[in-house]
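S.K.: Structure provided below as structure tokens; questions to follow.
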Amino acid sequence: MCLGLLGKLPRVGPSTRHEGTERRYFYGSVWAVTISQTILLIVWKMMPTSPIAIDVRLTVYAVTLAFTGMAAWQGMLPRTRPILPGEIMVSD
């Protein structure tokens, strides 16, 4: 709470100067984790329990997380494209 009052948390600063970047980070994180955990659940249910399966699950999760993170960074996912100064804001 104290960090929020001081304006040190994302999206609570005194100005909206970096709001577009913070918005991209937030929604990119939400997309990456949601997609990666959904795929991990599917892989978890399909594979038997074994030491090799654990490594495969971890690899699939990490690759999916990296792929969706890159897609968010490039603005390919909803609400992750950069907001440029002077641009009219329209809901994605």
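The values are calculated or read from the model by the stated rules, or taken from the named source; none is laboratory data. For clarity, every value in this text was computed on a predicted model and none was experimentally measured. Reconstructed Cβ throughout: ideal geometry from the backbone, glycine too, with neighbour counts over all protein chains shown.
S.K.: Kindly indicate whether P82 is part of a loop (DSSP other than H, G, I, E, B) and either touching a Pro at 6+ places or on another chain (Cβ under 7 Å) or over 19 Å from T21 (Cα atoms) (or both).
M.R.: no
S.K.: Condition test on T64, is it under 29 Å from T21 (Cα atoms), touching a Phe, Trp or Tyr at 6+ places or on another chain (Cβ under 7 Å) and in contact (Cβ under 8 Å) with a residue 24 or more places away in the chain?
M.R.: In short, no.
S.K.: Something else: Go through region 47-79 and report how many residues are surrounded by 11 or more Cβ atoms within 10 Å (Cβ to Cβ) and not in a loop (DSSP other than H, G, I, E, B).
M.R.: Total meeting the criteria: 20.
S.K.: Something else about it: Quick check on my filter: what residues within region 43-92 are within 10 Å of A32 (Cα to Cα) and of a type in the set (G, A, S)?
M.R.: Hits for region 43-92 are A66, G69, A71, A72.
S.K.: Hey, among the residues in region 15-41 that are of a type outside the set (S, T, Y) and in contact with a helix residue (DSSP H, G or I) (Cβ under 6 Å, 6 or more places away or on another chain), which one's modelled with the lowest pLDDT?
M.R.: Once the filter is applied, the top-ranked residue is G28.
S.K.: Moving on to the next point. Out of curiosity, is W44 modelled with pLDDT of 90 or more, of a type outside the set (A, V, I, L, M) and surrounded by 12 or more Cβ atoms within 10 Å (Cβ to Cβ)?
M.R.: The answer is yes for W44.
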